[in-house]
Amino acid sequence: MRNERRDFIKKSTLLGLGIAATPQFGIAANTVENTKEISSTRPKVLFFDVNETLLDLTAMKESVGKVLGNRNDLLPLWFTTMLQYSLVSTVGRQYNDFGIIGAAALQMVAANNNISLTEAQAREAILTPIRSLPAHPEVKSSLESLKKAGYKLVSFTNSSNKGVETQFKNAGLIDYFDQRLSIEDMGKFKPHADAYDWAARKMGIKPSECLLVAAHGWDIAGAIWAGWRGAFISRPGAQLYPLAPNPEINESNLKLVTDKLIALE
């Protein structure tokens, strides 16, 4: 009787907090329920985000930090503002090049911190270095291994077609990919579900046959919510979104992700 009374009080308290109706707010860590089921089957296509996932953004961060008066502490705010307004554009059925949105966001952050920055200065700080970013050290060998293992590799980015082509040529990555996809061709930025649906249709496969490799928690979350599989690269400062299912692969670099992908049957 005492145990039943204790359970009743516990359930009543949870109901009063509105927790019982929302499984993601369980009392204990929801590790099992919050992890996407691991599959031993190979996906038909590997999709890769580009910036930070494949390319090292250090040079661009230094350039942006410089025009912000060497306020490197403002860099995370700038990036989140850029992402926020890319989604504002999508929701408002508008489209601008991701780099242009980034420059506009940079002006906003500068203005809020009493830093004088013209549109031309903002664009130069972003667009000049981003074209010549180097690949992370393990990227080329990892992509080569995945190609040899028979995987089809497709880049999938919020950046423009011309921008990615330039980046890949300068970084020596262009020959590793079977196809390059940019949301420029459909007008909705990731992580909108329509972007992932569109990419799957472009490749002629089902969402469940797609796997996204990315170093951004918001990108992995969007892909999984759209029915894709995911592999997260936890580069410094990158975190998964706690309210989204965890991807089946979570490693610190592309080499470790590659090893697990090649091990799939």
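The values are calculated or read from the model by the stated rules, or taken from the named source; none is laboratory data. Fair warning: this is a prediction, and the values are worked out from it, not measured in the lab. Neighbour counts are summed over all protein chains in view; Cβ atoms, including those assigned to glycine, are modelled from backbone coordinates with ideal geometry. Calculation scope for accessible area: heavy atoms of the full protein, side chains included, ligands and nucleic acids excluded. Shrake-Rupley method; radii C 1.70, N 1.55, O 1.52, S 1.80 Å.
Numbers at a glance
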{"quantity": "Coarse-grained scattering of the stretch 174-265 at q = 0.24 Å⁻¹, given as base-10 log I(q)/I(0) from a Debye sum over alpha-carbon atoms", "calculated": "-1.34"}
{"quantity": "Gyration tensor verdict on the stretch 218-265 (Cα atoms; rounded if a/c is under 1.5, prolate if a/b is larger than b/c, oblate otherwise)", "calculated": "oblate"}
{"quantity": "Principal axis box of the stretch 80-236, alpha-carbon based, largest edge first, Å", "calculated": "52, 33, 28"}
{"quantity": "HN-Hα J in Hz across the stretch 221-228 - Karplus 6.51, -1.76, 1.60, θ = phi - 60°, x for Gly and Pro", "calculated": "4, x, 5, 5, 5, 8, x, 7"}
{"quantity": "Sorted largest first, extent of the chain alpha carbons per principal axis (Å)", "calculated": "73, 52, 34"}
{"quantity": "Relative contact order (percent, whole number), the chain, Cα cutoff 8 Å, 6+ residue spacing", "calculated": "22"}
{"quantity": "Area of K255 that stays accessible when all protein chains are in place (1.4 Å probe, Å², to 10)", "calculated": "90"}
{"quantity": "Label point distance in nm, R235-K255, each placed 7 Å from Cα along Cα→Cβ", "calculated": "1.7"}
{"quantity": "Residues S141 and A59, FRET efficiency given R0 of 30 Å [Cβ-Cβ distance, rounded to 0.05]", "calculated": "0.90"}
{"quantity": "Net charge dipole size for the chain [Lys, Arg +1 and Asp, Glu -1 on Cβ; Debye, nearest 20]", "calculated": "440"}
{"quantity": "Long-range HN-HN contacts of L212 with modeled amide H, under 5 Å", "calculated": "F47, R229, G230, A231"}
{"quantity": "Å² per residue, accessible surface of the stretch 110-265 at 1.4 Å", "calculated": "45"}
